[in-house]
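Visitor: I have a structure here, written as structure tokens, and I will follow up with some questions on it.
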Amino acid sequence: MSDKVKSSGVMLNNTTGSITVHVQLLNLDDDAARNVTVRVLDWGTGAPPSSRTNPVATLLNFSGTIPENTRQSLSATVPAGTYYEVRVNLPDEDLSVNIYAATTTAAGAGWLEGHTVRNNEFFKIDSD
């Protein structure tokens with residue numbers, strides 16, 4: 001059985017500074033831990049966005065086990081003007097994934113509209 005892959009799609013940090021992307025994982029299974037891989041991919045910069053075949057860097061690469069009935073938080077810093085994607089490999093659907101972002105500067109600190117992707121909004125990738 002192959003893993004399921006979810007993607008946030010490519011998003012743009014269109015702020016004037018870096019942002020922190022927060023990934024919230026929730027294992028809703030009562031009986032079993034779940035292995036998961038989470039990557040925040042850097043798709044580069046450009047205006048208008050240039051066509052790319054591969055990400056230029058990985059901003060977060062986490063592989064681990066989320067125990068049953070447990071929440072795990074991860075974070076990655078995304079530079080200003082950078083296109084980014086959150087991609088999650090998971091074995092089952094009973095692992096919930098949500099992402100949101102916050103500014104990293106004290107002057108503009110706070111949650112950013114348009115940088116939230118809820119579990120049901122992730123795009124499922126067919127990984128045959």
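Visitor: Among what's in segment 72-126 and is within 30 Å of A33 (Cβ to Cβ), open to solvent by less than 50 Å² (accessible area, probe 1.4 Å) and hydroxyl-bearing (S, T, Y), pick the residue that is modelled with the lowest pLDDT.
Guide: Applying the filter and picking the extreme gives S96.
Visitor: Still on this structure: Residue by residue through segment 51-90, note down the ones that are farther than 29 Å from T16 by Cα and among the charged types (D, E, K, R).
Guide: E68, R71
Visitor: Would you say N54 is open to solvent by 30 Å² or more (accessible area, probe 1.4 Å), more than 15 Å from the chain's Cα centre (by Cα) and not hydrophobic (A, V, I, L, M, F, W, C)? First the steps, then the outcome.
Guide: Numbers: open to solvent by 30 Å² or more (accessible area, probe 1.4 Å): yes; more than 15 Å from the chain's Cα centre (by Cα): yes; not hydrophobic (A, V, I, L, M, F, W, C): yes.
In short, yes.
Visitor: Restricting attention to segment 1-18, which residues are part of a strand (DSSP E or B), at pLDDT 90 or above and not hydrophobic (A, V, I, L, M, F, W, C)?
Guide: Passing the criteria: K6, S7.
The values are calculated or read from the model by the stated rules, or taken from the named source; none is laboratory data. Given the structure is predicted, the values throughout are model-derived calculations rather than measurements. No Cβ is skipped: glycine too gets one built from the backbone with ideal geometry, and neighbour counts run over all protein chains shown. Side chains included, ligands, DNA and RNA excluded: accessible areas come from the protein's heavy atoms. Shrake-Rupley method; radii C 1.70, N 1.55, O 1.52, S 1.80 Å.
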